[in-house]
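A.B. asks: First, the structure itself, so that you have it in front of you.
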Amino acid sequence: DTEVTQTPKHLVMGMTNKKSLKCEQHMGHRAMYWYKQKAKKPPELMFVYSYEKLSINESVPSRFSPECPNSSLLNLHLHALQPEDSALYLCASSQDSGRAAKYFGPGTRLTVT
Amino acid sequence: SQQGEEDPQALSIQEGENATMNCSYKTSINNLQWYRQNSGRGLVHLILIRSNEREKHSGRLRVTLDTSKKSSSLLITASRAADTASYFCATDRETSGSRLTFGEGTQLTVNP
């Protein structure tokens, strides 16, 4: 299985809602990532988990809260988002948090109203 | 700030032609990777070239790396309509650990 899955594919939420994005991989990868991508722009790194521990937080606002329950799962909890947070949220994994190629999921298209 | 800059921003060619995309970066790197993205969906890893390599091939893809000029190029030979996508270079900097930094991307359109 060389796939990273993400749910949901699309999400519309109000600014007072709480929602979660989910990501799963069964490749035995020990590093997992969240990226944010705005339209016609490159992906921007948000968080890195290495061996289930948060290793990098790129100064992301606290309204985004990552969680790694186990080595196969990665969640992104969303609370009190702003309309400018609307974007494609991409999850990725790699064999380790070093120099390996990243495998990306299809993304969750988030719209904040 | 983004590490890489790509040119051209957009490229339109006919099926069967070759497509060349260029990427420049600013700091020392451990490796450089190329990814493809179709219609705002997930990225697909194409090829990784290490800083001590100069050229790499994978099928119809050819990547070169010139660390003295801090630049890379991706050549797609005998292009097909299915190659239509956005192509991003991404650099893994020597000191960044796992911070993969993407360039602005090139939108390639291959006309049938």
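The values are calculated or read from the model by the stated rules, or taken from the named source; none is laboratory data. Being a predicted model, the structure only gives us computed values, none of them experimental. Note that each Cβ is placed from the backbone with ideal geometry, even for glycine, and that neighbours are counted across all protein chains shown. Accessible surface areas use protein heavy atoms only, side chains included; no ligands, DNA or RNA. Shrake-Rupley method; radii C 1.70, N 1.55, O 1.52, S 1.80 Å.
A.B. asks: Just how large is the dipole of the protein assembly as shown about the Cα centre, in debye to the nearest 20, putting +1 at every Lys and Arg Cβ and -1 at every Asp and Glu Cβ?
C.D. replies: 240 debye
A.B. asks: So, one more: Rolling a 1.4 angstrom probe over the protein heavy atoms, how many square angstrom per residue are accessible across chain A?
C.D. replies: Result: 48 Å² per residue.
A.B. asks: While we're looking at this one, here's another question. If you take the charge dipole of the protein assembly as shown about its Cα centre, with +1 on Lys and Arg Cβ and -1 on Asp and Glu Cβ, which of A:Val60, B:Val110, B:His57 is farthest toward its positive end?
C.D. replies: A:Val60
A.B. asks: I've got another one for you. Please return the longest range in chain B lying between exposed loop sites, taking trypsin sites (Lys or Arg not before Pro), DSSP loop only, at most 12 other beta-carbon atoms within 10 Å, and leaving the sites out.
C.D. replies: Result, exposed sites excluded: B:1-53.
A.B. asks: In addition: Over chain B, what lengths in whole Å, largest first, do the semi-axes of the equivalent ellipsoid take, defined as the square roots of 5 times the eigenvalues of the alpha-carbon gyration tensor?
C.D. replies: 23, 14, 12
A.B. asks: Roughly how many Å² is the accessible area per residue of segment B:35-112, as a whole number, for a 1.4 Å probe? Walk me through the numbers before you get to the answer.
C.D. replies: Working: 3430 Å² over 78 residues.
Each residue of segment B:35-112 exposes 44 Å² on average to a 1.4 Å probe.
A.B. asks: Something else about it: What does the charge dipole of chain A about its Cα centre add up to, to the nearest 20 debye, if the Cβ of each Lys and Arg holds +1 and the Cβ of each Asp and Glu holds -1?
C.D. replies: Rounded to the nearest 20 debye, it is 300 debye.
A.B. asks: Buried accessible area between B and A (1.4 Å probe, both chains summed, ligands and nucleic acids excluded), in Å² to the nearest 100?
C.D. replies: Working: alone 6070 and 6340 Å², together 10520 Å².
Using a 1.4 Å probe on protein heavy atoms, the buried area is about 1900 Å².
A.B. asks: List the longest stretch of chain B that has no exposed loop site; here a site is one of the GluC sites (Glu not before Pro) assigned by DSSP to anything other than H, G, I, E or B, with at most 15 other Cβ within 10 Å.
C.D. replies: Excluding the exposed sites themselves, the longest stretch runs over B:54-93.
A.B. asks: Hey, any idea what % of segment A:6-113's accessible area is carbon plus sulfur with a 1.4 Å probe? Before the final figure, lay out the partial values.
C.D. replies: Numbers: 2480 of 5000 Å².
Percent of accessible area from carbon and sulfur atoms in segment A:6-113: 50.
A.B. asks: Then there's this: Longer than 26 Å from Cα to Cα, which of A:Lys38/B:Lys69; A:Lys53/B:Lys26; A:Lys38/B:Lys26; A:Lys19/B:Lys26; A:Lys9/A:Lys36; A:Lys18/A:Lys53 are they? Say none if no pair is. Please report the intermediate quantities before stating the final value.
C.D. replies: Values: A:Lys38/B:Lys69 30 Å; A:Lys53/B:Lys26 30 Å; A:Lys38/B:Lys26 23 Å; A:Lys19/B:Lys26 38 Å; A:Lys9/A:Lys36 14 Å; A:Lys18/A:Lys53 23 Å.
Where the Cα-Cα span goes over 26 Å, the pairs concerned are A:Lys38/B:Lys69; A:Lys53/B:Lys26; A:Lys19/B:Lys26.
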